[in-house]
Amino acid sequence: MGTGGVDVFETLRSRKFLALLAIALLVTYVLPFPFIHGFLRDYSRVREIRERMVKEDEAITCHDVFDADPSFFGSHGMKCSDEYYRPGERTVTVDGFWVYEDTYHEYLRAKRNLREELPAFVIFVIFAFLSFLGFSYAMVDLAVGLAGENGRRLKEVLLSGLRAIPALVAAEILVFIVLVLVLILLAIPMAIFGPLGSFMAGLIAAPAFALVVPAYYFTKEIGLIGEIWRVARNNPGGYFTLGLGLAVLDTLMVFQYHTYLGIGTLFLMLIIGGPRYLLNSLGALWVYLDTPPKNQGEK
């Protein structure tokens, strides 16, 4: 499959490109993992306790109502689960929930630990964002170089990706501002679809952010709104197919943090991060190069 001289399949078979992908995953996920595993563990713990608090509240409320008149409610088929009910133990209210006192103290400890780990995770998020932009640019640079007569060396594309980060950040910020305005205008229609509306928002926004990398690579301009709109208008199939893949991966990326699996969490990050890198570089490059130029059906 070739587009604009770039053969995606040949690129994926290139040892140089696979080495670059491996370096990107190592730097973005593997090396920072020891510094963020504490936050991921505590975040999963807080979620687990919150879910237990909801079930305890349901059990306590149900038994309070049932015990008020067991004969009446029992005759009407009312039943309460005993799994999360511990009669005789002290209860407290937390965020509108009735929970047992030991659960409340466990929740406070987990939240305190989570706050202590938060700064390291914030640094990781910023670092991952910057490295993701730099490595995605390097992958686009390498893919284009592999299609040319003189292939680029890994060191050259890594340096080009590093140098491009400030401009890419500026371009992403501009795209973010425009997308916020667009999504505000579409907020009411999307709200009709409920949870599906959030997925639709990702379907619109995700490819726009991904296209920043190839658009900047070929134009060297920070204001890329016109270029991204050109792709969305002239190649809607490619744009929304890219958006669908990215939206699915982004959804999986959110879910991977809900349950901490130790080293298994790192494997999940790599399994999802690898395709995410490929879509953000080769996928976006393919859609960009497959879009008809301005002088072809556009005035």
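Observations on the model:
- Cα-projected label distance for Asp290 with Thr251, points at 7 Å along beta-carbon direction, nm: 2.1
- Peptides 136-143, 116-123, 230-237, 157-164 ordered by average Cβ neighbours within 10 Å, highest first: 136-143, 157-164, 230-237, 116-123
- The residues neighbouring Arg90, those whose beta-carbon lies less than 9 Å from its own, together hold a net charge of -3 under the Lys/Arg +1, Asp/Glu -1 convention.
- Each residue of region 223-229 was assigned a 3J(HN,Hα) from its phi angle through the Karplus curve 6.51 cos²θ - 1.76 cosθ + 1.60 (θ = phi - 60°); the sequence is x, 10, 4, x, 5, 5, 5 Hz, with glycine and proline shown as x.
- Aspartates and glutamates with Cα under 15 Å of Lys16, excluding same-chain neighbours fewer than 8 positions away: Asp7, Asp141, Glu156
- Neighbours of Leu158, meaning other residues whose beta-carbon lies under 14 angstrom from its beta-carbon, give a summed charge of +3 when Lys and Arg score +1 and Asp and Glu score -1.
- Surface calculation, 1.4 Å probe, protein heavy atoms: Thr251 sits at approximately 60 Å² accessible.
- The long axis of helix 236-255 is offset from the longest Cα principal axis of the chain by roughly 40 degrees.
- Heavy-atom accessible area order for Asp7, Asp290, largest first, 1.4 Å probe: Asp290, Asp7
- Point-charge dipole on Cβ atoms (K/R +1, D/E -1) for region 87-164, about Cα centre, debye to 20: 400
- Highest-MSF residue in the chain out of Gly243, Gly145, Gly226 [GNM, Cα springs under 10 Å]: Gly226
- 3J(HN,Hα) from dihedral phi, region 87-99, Karplus parametrisation 6.51/-1.76/1.60, rounded to Hz, x for glycine, proline: x, x, 8, 6, 10, 9, 9, 9, 6, x, 9, 8, 9
- When Phe176, Phe124, Phe218 are compared by accessible area at a 1.4 angstrom probe, the order from most to least is Phe176, Phe218, Phe124.
- Axis angle, to the nearest 10 degrees, between helix 263-278 and the longest C-alpha principal axis of the chain: 40 degrees.
- Between Val65 and Glu89, the distance separating the two model label sites (each 7 Å from Cα on the Cα→Cβ line) works out to 2.2 nm.
- Principal-axis tilt of helix 101-147 within the chain, Cα atoms, nearest 10 degrees: 10
- With contacts taken as Cα pairs under 8 Å and at least 6 residues apart, the chain reaches a relative contact order of 24 percent.
- Cβ-defined net charge surrounding Gly283, 15 Å radius [Lys, Arg +1; Asp, Glu -1]: -2
- Anisotropy class of region 158-270 from Cα gyration tensor, a/c 1.5 cut: oblate
- Cα-based Rg and Dmax for region 107-164, where Dmax is the largest Cα-Cα distance (Å): 18.3, 61
- Our Cα-only numbers for the chain put the radius of gyration and Dmax at 25.0, 86 Å.
The values are calculated or read from the model by the stated rules, or taken from the named source; none is laboratory data. Just so we're clear, the structure is a prediction, and the values are computed from it rather than from any experiment. In this analysis, Cβ positions are derived from the backbone assuming ideal geometry, glycine residues included, and neighbour counts consider all displayed protein chains. The accessibility values were calculated without ligands, DNA or RNA, using every heavy atom of the protein model including side chains. Shrake-Rupley method; radii C 1.70, N 1.55, O 1.52, S 1.80 Å.
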